[in-house]
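This report concerns only the one structure given below.
All of the numbers you see were taken from the coordinates with simple rules; none came from a lab. A quick note: this is a predicted structure, and the numbers were derived from the prediction, not measured. Cβ coordinates were reconstructed from backbone atoms using ideal geometry, including for glycine residues, and neighbour counts include every protein chain displayed.
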Ligand code: SF4
């Protein structure tokens, strides 16, 4: 009996089970110290790998991506953009990712895995893929699922058999101080200004394409011309020579710059800045782009409802299955799409940084309770905040200045950035501006802004399935709609499935917007006291009115492009008639219109 008990106690299987049970019970009882999560250590991307490693990135429009890639290439990196995420990518994301993620996570994570699988099919081994490719993306600490993207990428890559694939982070909260920390990806002055140009050019070109295409006379011309234009700008960004003071300085000064590092760095920084923003090559490239785009013939008398796109950052930007090809669909249905630039997001981050600094200053100020006579402490308290606000304010001014400059160089008709203070003020009664995550108060603020200023006929909010901040905004929007009765607002959840259902809902709301646009146009036409034929024949005599960059002054309270245009043409006819009458009275001969 005793021998049997000893045998049982020494049985390896019984001992293993006993140990496993002991561990389980200790865990339940909380007797073991918890295992903390540690961020996995990423293999470094080092400078010596630059010649063989390709940086992958994606998630923007093709215009942004082509321009960003050109900047990477111009700085000496191999770089490739990922394809636009499609439904198979979404399904791969679901297969290899965690449950319960939001839609953009599945699309973007699946898209990366899908691309790596494609490389494998093309004949690359897994080891070659791990060694010769890295993925470059934005990251954040939340509060929405955006904070989990990095972990999600790693998790899905591991499940798909690409464990160890490098994911480099560019944290939104860190700005240009990128998380990568590896010298393989260096944030130089050339890279920074190149990226600034690429992002702003991408935004402005994206805005222009949606302003021009609905009115093009020759179908397909806009796409063709924009393709050529973006290629031309990419060539400039890629081949731009870097400014180096050691080469540009006169011979007598060269040794000074060689020996003095600070002097060299300072002059190089300003020289590069000037070269990127005011360099002749860049200005010439912009002029060529402007001339090309202005050659497209447009007919702005077509009545189209203007649909403002808002919603979650990725869903309102992507041009594929991620939002059911919504922009293409809207244009097919006869609408003019008003897209959102990425620049708004950067402006929002700066505005929030300022608002947060003010709100938190009572706690963050260097001297908590200075006595009334401690003037130096009061001064330090007051100046500390001011310094912070001035620094962010300077960033805001520069951002807006360069954005407006890009607009002016490319025809001057793209939309300016909406003032962030106004957006926050309009949203605040419904959505607290300090509620962070996703687009924060922007969705509500934009909805109110575009409605009260009559800048569109309908607001379409594209929000991904499972998006927490957007669901919160939607809850609030019912109160907003209740207050602004003539608002046409439609939220669409882009779940990766159910495209037909989404399109049909948009069609219904668009029907109302079309009626609104038509009524506005007829009202304006009546106000001119002219017939459409009269207006059209004046346009025929004045070909400059058929050019997209012909500037039509904005009239408050009119949303439609056609309505704005006929009011302006009518003004010109009136002026022209008066001019002709005066000329006739004075006996002066008037030459025929000479075109543009
Ligand atoms: S904003 Fe919404 S969709 Fe975008 S990452 Fe956050 S939770 Fe996901």
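Only DSSP H runs of four or more residues enter the estimate; each adds -39500 (n - 2.57), and after division by the residues of the chain the mean residue ellipticity at 222 nm equals -18500 deg cm²/dmol. A Förster radius of 25 Å combined with the Cβ-Cβ distance from residue 551 to residue 218 puts the calculated FRET efficiency at roughly 0.65. Structural descriptor for segment 346-438: relative contact order 32 percent, calculated from alpha carbon pairs under 8 angstrom and at least 6 residues apart.
By other beta-carbon atoms within 10 Å, ranking 14, 481, 566, 296 with the fewest at the front produces 14, 481, 296, 566. Counting every other Cβ atom within 10 Å of each residue's Cβ, 221, 13, 493 order from fewest to most as 13, 221, 493.
For the chain, the longest principal axis of the C-alpha atoms and the axis of helix 532-541 are separated by about 90°. Rounded to the nearest 10 degrees, the inclination of helix 261-278 to the longest alpha-carbon principal axis of the chain is 40 degrees. Taking the longest Cα principal axis of the chain as reference, the axis of helix 468-483 is set at about 40 degrees. Extending 7 Å from the Cα toward the beta-carbon at both residue 345 and residue 541 defines two label points whose distance is 4.9 nm. Residue separation of residue 284 and residue 360 scaled by 0.36 nm, minus their Cα-Cα distance, works out to 22.7 nm of gained length. Ordering 349, 410 from the fewest to the most neighbouring beta carbons within 10 Å gives 349, 410.
Report D for the chain in µm² per second (integer): Stokes-Einstein, Kirkwood Rh on Cα pairs, 10 °C, 1.306 mPa s. In µm²/s, the coefficient is 57.
Let a ≥ b ≥ c be the square roots of the eigenvalues of the Cα gyration tensor of segment 433-530; is it rounded (a/c under 1.5), or, if not, prolate (a/b larger than b/c) or oblate? Mind dumping the intermediate values first?
Details: a/c = 3.09, a/b = 1.58, b/c = 1.96.
Oblate.
Prolate is the label for segment 305-464. Its Cα gyration tensor axes, ordered a ≥ b ≥ c, give a/c of at least 1.5 and a/b above b/c. Distance from the Cα centre of segment 292-345 to that of segment 39-81, in angstrom? The distance from the Cα centre of segment 292-345 to that of segment 39-81 comes to 28 Å.
A straight chain from residue 14 to residue 380 at 0.36 nm per residue would run longer than the Cα-Cα distance by 124.7 nm.
What FRET efficiency, computed as 1/(1 + (r/R0)^6) with R0 = 30 Å and r the Cβ-Cβ distance, is obtained for residue 582 and residue 297, rounded to the nearest 0.05? E(calc), rounded to 0.05, equals 0.40. Were the residues from residue 367 through residue 244 laid out at 0.36 nm apart, the gain over their Cα-Cα distance would be 39.8 nm.
Is segment 480-525 rounded, prolate or oblate when judged by the Cα gyration tensor, a ≥ b ≥ c being the square roots of its eigenvalues, rounded requiring a/c under 1.5 and prolate requiring a/b larger than b/c? Note, shape of segment 480-525 comes out oblate. Each of residue 390 and residue 87 was given a label point 7 Å from its Cα along the Cα-to-Cβ line. The distance between the two points is 5.8 nm. Under the criterion of Cα pairs below 8 Å and six or more residues apart, the relative contact order for the chain equals 15 percent. FRET efficiency for the pair residue 260 and residue 453, taken as 1/(1 + (r/R0)^6) with r the Cβ-Cβ distance and R0 = 45 Å, rounds to 0.25.
Determine by what factor the alpha-carbon radius of gyration of segment 73-174 differs from 2.2 N^0.38 Å, reporting the quotient. Mind dumping the intermediate values first?
Numbers: Rg = 13.5 Å, N = 102, 2.2 N^0.38 = 12.8 Å.
The value comes to 1.06.
Working from label points 7 Å from Cα in the Cα-to-Cβ sense, the residue 397 to residue 43 distance is 4.8 nm.
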